[in-house]
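Presented below is the structure to which this report refers.
The values are calculated or read from the model by the stated rules, or taken from the named source; none is laboratory data. Quantities reported herein were computed from a predicted structural model and do not represent experimental measurements. Cβ atoms come from the backbone with ideal geometry, glycine included; neighbour counts cover every protein chain shown.
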Amino acid sequence: MRRLLCVTAVLATMLAGGCGIPAESDVTILGDGPSSGVSVDDDGTPPVQYARQDTSDLEEFADNYLEAAAGDPETALDRVKAFQAPDLAKRFPTSNDIKVIRETERPLYSPGDSEITFIAQVVGTLKANGVLQPADASSSSMPYKLRIGSVEGQDGLFVLDAPQTMLITGETLGLYYQTRTIYWWNNENTSLVPDLRYMPRSVPTVQQPTTILGWLTGSPAPWLSDAVNSLPTGTQAADNVPAITNDTLEIRLNDKAVPQGSDPGALDRLRRQLQWSMQPVPRTMAISIGRNEPVRVTDGEFFESNLAYRLADDPERFAVLGGGIRRFKNSPHAGDPVPVLKPTANRNIASAAISASPTRSYAAVVTGPEQQRRLSVADAPAGEQADLKQVGGLSGSLGTPVWAQLPTGAAEDSRAIGLITMNGRIHSFGSTAAPAQRVDWQGDPGPVSALSVAPDGHRVAVVSNGRLYRAALNTSGDGVTLGLPEQVLPPTLRAVTAVAWSSEDYLVVAGVRRDDRYAVLDVTVDGALSTVRLDDIGAEKVTYLAAYPSNPVNGTERSSSESYLAGGKAWDVLSAPEEIEPVDLAGPPVPSSSGAKPTAPFFLD
């Protein structure tokens, strides 16, 4: 057996109709069972993709078949049908969608039989435009089969019967594709919002800009469509993107890309969107619109168009100790006062969020005993302090606040927007202490126990009833709304209990495994790829996660600063859990007799 574990994971997703394990047979359990996730760390080179005639071993043949769809979407169906018996190929669907599946139990195989039965769950559907659309929330594990045998008058093995869809496993996705991020302007045209895509590793480097341009002239991922702007209707590439020459990338679009009457900043926004989406870009970009002469930009500034670029390499860290916010000793500015808060206000605090724009700082603090929490806010020019103001409209059980969006200075009416849960429902608040408002959410999945907002301020991850969801935050109307929730399926976890953004494309999630032990994983925002951060951190429930997302230009995909709360104690996520002790925090020492422990760790974002 070469890689049957990968094969069986793929098969489970293929058939929507149940086909069970034979009732009477000698059953062999293949492999070591479900893997803990897909690691995406590799050298970028796709493995060899085998043809139908390359093996006569049934198990290897099944592996090869379940990898055939990976790669160029225009020829994926041809590669899959090349494995199939003629009668199966004739009735096989013509869709170029690929189901990505994950094995949930060990595959079963009867030696000498022509069928392989596996148990798997659909993770999502990989579209030709590189979008992985998560599976429906009702997706569950089911048994499926693949039948392999010979065809009269022809040499070699064939697939005689299979699920009526193209399939690959999450492992295959990680091996044959690379993650790429393209960007769209938010509805206010003030900042860019990331959109995760999958590029086949078989696409030559010189052709990748053409593929990315095709994605951009198409549509955003469905879950982002209400929160971002597509390129103007009818925008098309005038030609393939030529190879970079003289350190210059040339892009030609039709005249629809910047229609007559567009505002003066339209071409500059297009240039910045292209530069971020084409990363890494050469020194010079030349953009031709219709028959106009190319506009050349050399070393043009574009980084600040993405709010995640402001993320620091070494973040400022805080925790709550004895009801007061403290800085970490090993954090930048450890000797400085806590931002925004006056010393007299830094007491009786249960949780907090502090955020900063280039010119102002913002604080949101939750105070009071359980079930009687109150939210207060303050903002002040950088380096100054202000009085706390209590936010009305909130009473009962409050979660941890988070600042979602800060004023950018691009519009006079821009405002700070924060989110918090009250009795399991999401509410928005501002820095003026106006009454909090219930966030409208079509398809609300139920009581929310954890939420986190991406650095761009428009993508939200939430935990509800032990399930992980993603949704787009829209603030362009009169109120704050969330788009339809899409469930994300992290591997190995029976239930998710906490979530935070680890980077533009990754979430860090904590939850309970099938054996009732807790683990911490880094998972792509669509749930398809994952890396285990801490495999076993004990039986205490993880109730809170904090992470400082990695900067998208520093070369790392996931955060290097993550913390969690379990059993009333705060821990750092390192190679092993490391408890955060009072001695780790700046400020006067706390008597050991008090029993006070640091809680609610967070970062200045």
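Remarks
- Matching residues in segment 56-114 - criterion: being β-branched (Val, Ile, Thr) and crowded, with 18+ Cβ neighbours inside 10 Å: Val80, Ile98, Val100, Ile101, Thr104
- Meets criteria (over 30 Å from Ser225 (Cβ atoms), of a type in the set (A, V, I, L, M), outside the structural domain of Val523 (by TED's automatic domain parsing) and outside any helix (DSSP H, G or I)) for Val48: yes
- Failed item in (1) over 30 Å from Val48 (Cα atoms); (2) in a loop (DSSP other than H, G, I, E, B); (3) in contact with a strand residue (DSSP E or B) (Cβ under 6 Å, 6 or more places away or on another chain), with Thr233 passing the rest: (3)
- Matching option when the condition is in contact (Cβ under 8 Å) with a residue 12 or more places away in the chain, outside the structural domain of Tyr469 (by TED's automatic domain parsing) and farther than 20 Å from Leu493 by Cα, among Thr165, Thr169: Thr165
- Qualifying positions in segment 116-148 - touching a strand residue (DSSP E or B) at 6+ places or on another chain (Cβ under 7 Å) and free of Cβ contacts under 8 Å to residues at least 60 places away in the same chain: Thr125, Lys127, Ser140, Arg147
Yes or no, residue by residue, for (1) outside the structural domain of Leu482 (by TED's automatic domain parsing); (2) free of Cβ contacts under 8 Å to residues at least 60 places away in the same chain; (3) not small (Gly, Ala, Ser):
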| site | (1), (2), (3) |
| --- | --- |
| Asp226 | yes, no, yes |
| Asn229 | yes, yes, yes |
| Arg252 | yes, yes, yes |
| Gln279 | yes, no, yes |
| Gly300 | yes, yes, no |
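For every residue, the table says whether it meets (1) among the aliphatic types (A, V, I, L, M); (2) modelled with pLDDT of 95 or more.
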| residue | (1), (2) |
| --- | --- |
| Arg373 | no, no |
| Val377 | yes, yes |
| Ser397 | no, no |
| Thr400 | no, yes |
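- Checked against (1) out of contact with any Lys or Arg (no Cβ under 9 Å at 6 or more places or on another chain); (2) more than 23 Å from Ala566 (Cβ to Cβ); (3) among the basic types (Lys, Arg), Arg467 meets all criteria but (2).
- The conditions of being assigned by TED's automatic domain parsing to the domain that holds Leu196, in contact with an Asp or Glu (Cβ under 9 Å, 6 or more places away or on another chain) and outside any strand (DSSP E or B) are met by Asn292.
- The strands (runs of 3 or more DSSP E) found wholly in segment 500-605 and carrying at least 3 residues that are in contact (Cβ under 8 Å) with a residue 12 or more places away in the chain and over 22 Å from Gln487 (Cβ atoms) occupy 561-566, 569-573, 599-603.
- Strands (runs of 3 or more DSSP E) fully within segment 135-197 that include at least 1 residues being within 30 Å of Leu213 (Cα to Cα) and of a type in the set (Val, Ile, Thr): 166-169, 177-186.
The rows are residues; the columns are (1) surrounded by fewer than 24 Cβ atoms within 10 Å (Cβ to Cβ); (2) under 30 Å from Ser140 (Cα atoms); (3) modelled with pLDDT under 95.
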site	(1), (2), (3)
Val499	no, yes, no
Ala539	yes, yes, no
Asn554	yes, no, yes
Ser560	yes, no, yes
Glu579	yes, no, no
Pro588	yes, no, yes
Pro591	yes, no, yes
Gly595	yes, no, yes
Phe602	no, no, no
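- Residue within segment 78-98 that is farther than 21 Å from Gln208 by Cβ, out of contact with any strand residue (DSSP E or B) (no Cβ under 8 Å at 6 or more places or on another chain), of a type outside the set (Ser, Thr, Tyr) and modelled with pLDDT under 90 present: no
- Residue count for segment 262-277, restricted to those that are without any contact (Cβ under 8 Å) to a residue 60 or more places away in the chain and not aliphatic (A, V, I, L, M): 6
- In this entry, Ala70 is excluded by the filter for residues that are more than 28 Å from the chain's Cα centre (by Cα), outside the structural domain of Asp515 (by TED's automatic domain parsing), within 30 Å of Pro204 (Cβ to Cβ) and modelled with pLDDT of 50 or more.
- Residues that are in contact (Cβ under 8 Å) with a residue 60 or more places away in the chain and in contact with a Leu (Cβ under 6 Å, 6 or more places away or on another chain) were ranked within segment 43-61; the one that is nearest to Gln178 (Cα to Cα) is Pro47.
- In the set (1) among the hydrophobic types (A, V, I, L, M, F, W, C); (2) farther than 30 Å from Val100 by Cα; (3) under 23 Å from the mean Cα position of the chain (by Cα), Leu249 fails one condition alone, (3).
- Single residue of segment 545-585 satisfying the filter (more than 20 Å from Gly511 (Cα to Cα) and either assigned by TED's automatic domain parsing to the domain that holds Phe303 or charged (D, E, K, R) (or both)) that is nearest to the chain's Cα centre (by Cα): Glu557
- Going through (1) touching a residue at least 40 places away in the same chain (Cβ under 8 Å); (2) assigned by TED's automatic domain parsing to the domain that holds Pro93 one by one, Arg201 falls short only on (2).
- Residue match in segment 119-133 (condition: modelled with pLDDT under 95 and more than 25 Å from Arg180 (Cα to Cα)): yes
- Selection within segment 241-272 - closer than 15 Å to Thr210 by Cα and surrounded by 14 or more Cβ atoms within 10 Å (Cβ to Cβ): Val241, Pro242, Ile244, Thr248, Leu249, Glu250, Ile251, Arg252, Leu253, Asn254
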